Amino acid sequence: MSEATNDSGPILQLLANGLSLWIRRQCDEVGDLNLKLNGSALQLLRGKLKGVELEGRLVTFQGLPIHQAEVSSGPLNLNLKPQAPSQILQLQDAFALQGNVTMRGVDLNRALLTDRWRWLGDWLAEQLMGLTTLGHLEIDNETLILTAPVINSSEMVRKCFHLDAAGGTIRIRRIETDGDVSLPMDSNINIEEAYLKGGQLHIRGNAKVTP
């Protein structure tokens, strides 16, 4: 679903459709998608847009399952191509995003066991538990629970952790002992807040996006 602001008519709606198509192409899967464009037809003719507000549900981006997202952008510079409906717009310059993302623990567990993200799950097991392979991830209210198998044994190790944001990334803190581990993060992404609640990971932050 796409929505254009004010009464600027078909130009904004055409752009909303084109931008919605561009977003869907960046994602592996998209459930519900709602766009709100902040601008006017005159600004669009000049290749400018004040910004975009986006709400999405059940989105998979680069193999990561996002249960819900609310994101807004800074100003956008556009190249409109009405003669090519499938490529009606091109984003010319990098732009800023800020917003909130929610991921369910059950979905995150499945993602970390896939080929694409297995390295991160195993990295967590090694850094936090001293083991080589992540077996299972669970979010129990405000607690992160990791389970990992012991090599050449049927034993499974289960440990609990707390989570927050620090230094622009997500920090995982040991409960039984001192120490913490910060997730490797793209330099274009800055995590401002992160917490666990109700079996979900909640993240607030900003990012620089290059088309």
Original post:
Using the C-alpha atoms of the chain, what convex hull volume per residue, in cubic angstrom, is computed?
Top reply: 118 Å³
**OP:** Within the chain, what's the longest run with no GluC sites (Glu not before Pro) in a DSSP loop and at most 15 other beta-carbon atoms within 10 Å? Give the range, please.
**Re:** 1-141
Original post:
Percent antiparallel among DSSP beta bridges with both residues in the chain, to the nearest 5?
Top reply: 95 percent
Subject >> Spatially near lysine pairs across the chain, Cα under 17 Å, sequence gap of 8 or more or different chains >> reply: 4
Original post:
What residue among Leu144, Leu44, Asn34 has its Cα farthest toward the positive end of the dipole of the chain, where the charges are +1 on Lys, Arg and -1 on Asp, Glu, each on the Cβ?
Top reply: Leu44
Original post:
If you keep only loop residues by DSSP, which trypsin sites (Lys or Arg not before Pro) in the stretch 91-129 have at most 14 other Cβ atoms within 10 Å of their Cβ?
Top reply: Arg116
Original post:
For the stretch 95-211, what percent of Cα pairs sit more than 19 Å apart?
Top reply: 49 percent
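Every number here is computed from the coordinates shown, using simple stated rules; none is lab data. Keep in mind it's a predicted model, so treat the numbers as computed, not measured. Here Cβ is always computed from backbone atoms with ideal geometry, including for glycine, and neighbour counts include all displayed protein chains.
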